[in-house]
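Q: Just dropping this structure here.
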Amino acid sequence: MFGLMVAAWLAVPVGSALAGGPTVYKNARIIPIGAPQIENGVLVVRDGKIEAIGKAGEIPKPGDAEQIDLDGMTIMPGLICTHSHLGGGWGGDSSEPIQPACRIYDSINVRDSGLQKAQAGGLTTLNVMPGSGHLLSGQTIYIKLNDAKTIDGAAIRNDEGEIMGGMKMANGTNSQRQPPFPGTRAKSAALVRQRLIDAQAYQRKIEKAEAEDDSDKMPERDLALEGLVEVLTGKRVVHFHTHRHDDILTALRLSEEFGFKIVLHHISEGWKVADEIVAAKAPCSVIVIDSPGGKLEAAELLLKTGAVLEKAGALVAFHTDDPITDSRLFLRSAALAVRAGMSREKALEALTIAGAKMLELDGRIGSLAAGKDADFIVLDGDPLSVYTKVQQTFVEGKLVFDRSKSADRLFAVGGYGASDDHEPFSCCLEFGPGGPHH
Amino acid sequence: MLRKFNMKQNAIQTMVAMVSLLLSVQPLTAQTLAVRGKTIYTMAGDPIEDGVVLIDGKRIQRLGASAQVTIPDDCRVLEANVVVPGLIDAHATIGLTGYLNQAQDQDVLERSSPIQPELRALDAYNPRERLVEWARSFGVTTVHTGHAPGEIISGQTMIAKLTGSSVNDAVIKPTAMIACTLGDGAVKGEQKSPGTRSKAVAMLRSELLAAQAYMRKVERAEAAATESSDGDTSANGDDEVKDSEDGEGKKSPQKPDRNLRYEALGWVLKKEMPLLVTAHRAHDISVALRLAREFDIDIVLDGAAEAYLVADAIKDAGVPVIVHPTMMRSHRGSTENASMETAAKLATLGIPMAMQSGYESYVPKTRIVLFEAGIAAAYGLGFDGALRACTIDAAKLLGIDQRVGSIEAGKDADLALYDGDPFEYTTHCTATIINGEVLHEGER
């Protein structure tokens, strides 16, 4: 038995770092994001982090490193989706329009094949959103597509060890329906404002009790208000679904009144109010859809939204809204934005570092730089070409997708069983640690 | 003085030269438009490098290398890196599904009854719909559109050009196929019928049998009428004999009252048009092939997400496939096993195949066949195969290749111009020409 394990250990395939040992990826075109493209570049990975990046011959290669020759292929940071519904979770139900107590954390199935498909598209980090159809659908979660067996293993944690996520809100027609849901835009805003005012009062009570060190004055725990207090204190960014120009301004007005951090999502008509968005310094997470309409609030959706917002000076990211668009083709969103006038540089940032900033994770992910997480993808061509495929996806140095493996290829291309739930890598003697997982 | 005279003479000479040029190059009519392309994919032979297409009114007059084809001076010239035949979307719902997706602009699915072949697409097609302009701006010029999948028989389909201010201007074929859905797409679940696959197929077979019975009645009545009128013309005086026969109780068969539903199914049963069968699961595709054999009808498979599992049977049956949009959602349900390589696999087997934008009930309200073909190109079908699947092969599958689908003299002047590989994400469609008319210009 032991002999078998040793044999398996030694048979670790190319491209997977041995635990502890560094790996050098060489002979690659590297698009680091935030720094010039590197021809004949080298990426050194150790313990899940980037140890060094640079041109061949200009950075020291650790002597003990496993060397991977990428034969001219392209490396760029793992893609970040700021708005995904993968994992089969729901968040809030249809009982009420504002449900800040609901955590998507409690309903994600990490074996959902959609997560494997997302790896095949080069995604490494997702903001998984609850909803939609509410004014406030619940708490979002930021996860790594790291093949963890549980959601806790996938969740990204802050320096205090707490699971990170934002709060999903929406306005416009998305949340309009029969009472207790709002029937109009004005009612929508009034309901949200009242609830946030309740949360302010709750927050004051807590602060007072703490200031006076009087536990008797501490209010009973209220999960919904606790969630909203995290919005008011800036611990949770509000990810705000909003399409029409006037709805976008309403979202900004609420953000200003209550001082919460906001990322505008979808913003089909963002191109009409680009200056107002920039004045409010609101980041924009844009969806790219093949045709306008499909619902009233997306009637004026155009491919040029990213380009217009870029020129106005806004921070722009893209998202899949998977299953609305397919994570396997996320690069396409940036490419279509370039087609409609966005710069190549900003379009690539919109898949990576811009999203990282919106999730407040730009110190760790979103670009390739020493000290950052080794989340990267290997492409067989230009990232904006229809003919280019993601060949490999790495999360914290671990190979989580390899197109040359038939089981992984199934997720990339589709076919029989591609949508079945799958067991993330756990034991699999024949592969050993760090090896192919499916 | 001398100088003035010379100028005058020059002017006269120039005029004479121009007139003779006009007479020599275009003896009958004036070219209205010329398209010059660095590469022209005619889909009828090898691509032409540095070529010219001359358009005379609504049709292509001439084409060839620019050295061989002179562009008349008075002709408007459009230039592009790549010129292809106007794209054909082999199955869409454009014109029947409005972009707003509100009840008042959705005419693709009538839910009052599961079998309604009498519904004509012609009566619902809106040529001014915004998505018509949208698809056109990416180079799409012809669509096979109509009633969507979602009922056992949802209605008829039609073929239209993406032009014109009325359906009459747009239509190529007023009725192209009868749209049928097999599998969970047409099954309504508990409390409603059809609630199961078996029930749906039983309902469809019963309806086809009823239509056959109707057709027999019509044929008998028509045959009798022909016999009777033949008698009238062949010999005078037979009337009396026939009348007496009738009088003895051998009544002539009565023609049944017209029934639009059975008439429409009759077109399929008489092989005047195919049944367009949307089926994704392999076992639903098998049902479609079984029905085609039982009723001796032509079918076209639509969607066919699991076609790769039963490709040999499809090939043996000689059935063409309008393969699902390459980017069709495939997370759950009957499309969950869809593969982006299905088009490539069918093409490799030599199964006649075309690309489509399909039907979307939400966003995107329409897909663009150019984009779907592009992904298919990247997933094994290749550039040539993908371009054929949305031009000449689509035209052949739809039976309109005598007019569209390739760039050839005499065919409709439908062209799409691009500033690069049409399938590349970052390429623009710079012009779309339908029936010789430039209907889109710019960078889309």
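Computed from the coordinates by the stated procedures, all read-outs in this text should not be read as laboratory data. Note that the structure is a prediction, hence the values are computed from the model and not measured. Every residue, glycine among them, receives a Cβ derived from its backbone with ideal geometry; neighbour counts consider all protein chains shown.
Q: Could you run the Karplus curve 6.51 cos²θ - 1.76 cosθ + 1.60 with θ = phi - 60° over segment A:251-258 and give me ³J(HN,Hα) per residue in whole Hz, x for Gly and Pro?
A: After applying 6.51 cos²θ - 1.76 cosθ + 1.60, I find 4, 5, 4, 5, 4, 5, 4, 9 Hz.
Q: Let me ask something additional. Could you tell me which of B:Ser229, B:Leu289, B:Ile40 has its Cα farthest along the dipole of chain B towards the positive end, charges placed at Cβ (Lys, Arg +1; Asp, Glu -1), taken about the Cα centre?
A: B:Ile40
Q: Among B:Ala338, B:Ala179, B:Ala317, which residue has its Cα positioned farthest towards the positive end of the charge dipole of chain B, with +1 placed on the Cβ of Lys and Arg, -1 on the Cβ of Asp and Glu, and the dipole taken about the Cα centre?
A: Selected residue: B:Ala338.
Q: Where the centroid of each part is defined by its Cα atoms, how far is segment A:333-401 from segment B:144-220 in Å?
A: Between the Cα centres of segment A:333-401 and segment B:144-220 lies a distance of 46 Å.
Q: Send over the per residue convex hull volume for segment A:79-358, Cα only, as a whole number of Å³.
A: Given the Cα convex hull of segment A:79-358, per-residue volume reads 126 Å³.
Q: Now, a different point. Where the only charges are on Cβ atoms (+1 Lys, Arg; -1 Asp, Glu), what is the dipole of segment A:79-358 about its Cα centre, to the nearest 20 debye?
A: That gives segment A:79-358 a dipole magnitude of about 880 debye.
Q: Whole-Hz ³J(HN,Hα) for each residue in segment A:199-215, computed from phi via Karplus 6.51 cos²θ - 1.76 cosθ + 1.60 with θ = phi - 60°, x for glycine and proline: what do you get?
A: Residue by residue, segment A:199-215 yields 5, 4, 5, 4, 4, 5, 4, 4, 4, 5, 4, 5, 5, 8, 6, 10, 5 Hz.
Q: Okay, moving on. Give, as ranges by residue number, the residues of segment B:263-286 whose backbone N falls under 14 Å from the point 7 Å along Cα→Cβ of B:Ala221.
A: Counting backbone N atoms under 14 Å from the label point, the list is B:263.
Q: Segment B:317-420: which trypsin sites (Lys or Arg not before Pro) are DSSP loop and have at most 13 other beta-carbon atoms within 10 angstrom?
A: B:Arg332
Q: List the residues whose amide H sits under 5 Å from the amide H of A:Val288, counting only those 5 or more places along or on another chain, with H placed 1.01 Å from N in the peptide plane.
A: Counting only residues 5 or more places away or on other chains, the set is A:His319.
Q: Here is a follow-up. Can you bin the protein assembly as shown into rounded, prolate or oblate? Criterion: square roots of the alpha carbon gyration tensor eigenvalues sorted a ≥ b ≥ c, rounded for a/c under 1.5, prolate for a/b above b/c, oblate for the rest.
A: prolate
Q: A further question follows. Note the full-extension length gain between A:Ile59 and A:Ser215 as 0.36 nm times their separation in residues minus their Cα-Cα distance, in nm to one decimal.
A: That works out to 50.4 nm of additional length.
Q: I've got another one for you. Run lengths n ≥ 4 of DSSP H only: what is the helix-derived mean residue ellipticity at 222 nm for chain A, with -39500 (n - 2.57) per run over all residues, to the nearest 500?
A: Helix-only estimate at 222 nm: -7500 deg cm²/dmol.
Q: At 0.36 nm per residue, and after removing the present C-alpha to C-alpha distance, how many nm does the segment from B:Lys251 to B:Lys271 gain when stretched out fully?
A: Computed gain between B:Lys251 and B:Lys271 is 4.1 nm.
Q: To continue, here is another question. In debye, nearest 20, what is the charge dipole magnitude of segment A:348-416 about its Cα centre with +1 on Lys and Arg Cβ and -1 on Asp and Glu Cβ, if you could check?
A: 220
Q: Please check chain A for the longest run free of trypsin sites (Lys or Arg not before Pro) that are loop-located per DSSP (anything but H, G, I, E, B) and have at most 12 other Cβ atoms within 10 Å.
A: The reported range is A:1-220.
Q: Summing Lys, Arg as +1 and Asp, Glu as -1, what charge do residues with Cβ under 11 Å from the Cβ of B:His440 carry, B:His440 excluded?
A: -2
Q: Would you be so kind as to identify which of A:Ile353, B:Ser357, B:Ala279 lies farthest towards the positive end of the dipole of the protein assembly as shown, taking Lys and Arg as +1 and Asp and Glu as -1 on Cβ and the Cα centre as origin?
A: Towards the positive end, the residue furthest out is A:Ile353.
Q: Springs between alpha-carbon atoms under 10 Å, Gaussian network over chain B: tell me which of B:Ser66, B:Ser252, B:Ser113 tops the mean-square fluctuations.
A: Of B:Ser66, B:Ser252, B:Ser113, the most mobile in the Gaussian network model is B:Ser252.
Q: Follow-up question, since we're still on this one. Taking a ≥ b ≥ c as the square roots of the eigenvalues of the Cα gyration tensor of segment A:144-262, is the shape rounded (a/c under 1.5), prolate (a/b larger than b/c) or oblate?
A: Oblate shape, in that a/c is at least 1.5 and b/c is the bigger or equal ratio.
Q: Just how large is the dipole of segment B:255-360 about the Cα centre, in debye to the nearest 20, putting +1 at every Lys and Arg Cβ and -1 at every Asp and Glu Cβ? Please list the in-between numbers first.
A: Values: 12 positive and 14 negative charges, 34 e Å.
In total the dipole reaches around 160 debye.
Q: Using θ = phi - 60° and the Karplus form 6.51 cos²θ - 1.76 cosθ + 1.60, what ³J(HN,Hα) does each residue of segment B:139-146 get, whole Hz, x for Gly and Pro?
A: x, 7, 10, 10, 10, 8, 10, x
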